[in-house]
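The block underneath contains the structure these notes are about, expressed in structure tokens.
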């Protein structure tokens, strides 16, 4: 991976900024995907259970795919100052996820190893605390495939269905969660009804 930066590139943070609100869960921590052995990502994304809820996962992962994936996520960090993390429970890698700018919106994605699926709410709470502390993020979107039936965690977070969209040829349900410091969401009225 190239180490040179252009004048306009933002530095890639090595860890979550220390000015975010205290972590809701001290065992959950975010690290850099670039610091994770690519073999770990290959093993994670090669588990056949990952395809169940990932319609965009259409080809096998190998070291080249993992390295390209990490390079693309690092480019997001340089461009936007925010991106995806490797996620750990203590010292154990449990998955990857974070924020990616899609147009003017910040989408939150979380891809956990199957044995770590139960950690989603804990991880999401910590990541969303980070989003609430970042004034660039007036709201967060979540894209879930129709195969995802258990949506209780999103409802408990306060996310509201904004409609369905096509993304890279796959159908997703789009949910929106406003951050307390940013109450207005474009395209939604005060009751949360989608206006578009």
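Here are the numbers:
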quantity: Test: residue in segment 52-62 that is at pLDDT below 95, part of a helix (DSSP H, G or I) and over 17 Å from the mean Cα position of the chain (by Cα); calculated: yes
quantity: Any hit, segment 135-145, residues being part of a helix (DSSP H, G or I) and either modelled with pLDDT of 90 or more or under 24 Å from residue 43 (Cβ atoms) (or both); calculated: no
quantity: Search result, residues across segment 98-134 that are part of a helix (DSSP H, G or I) and touching a residue at least 40 places away in the same chain (Cβ under 8 Å); calculated: 114, 119, 122, 123, 125, 126, 127, 128, 129, 130, 131, 132
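The values are calculated or read from the model by the stated rules, or taken from the named source; none is laboratory data. Fair warning: this is a prediction, and the values are worked out from it, not measured in the lab. Positions of Cβ are backbone-derived with ideal geometry, glycine not excepted, and every protein chain shown enters the neighbour counts.
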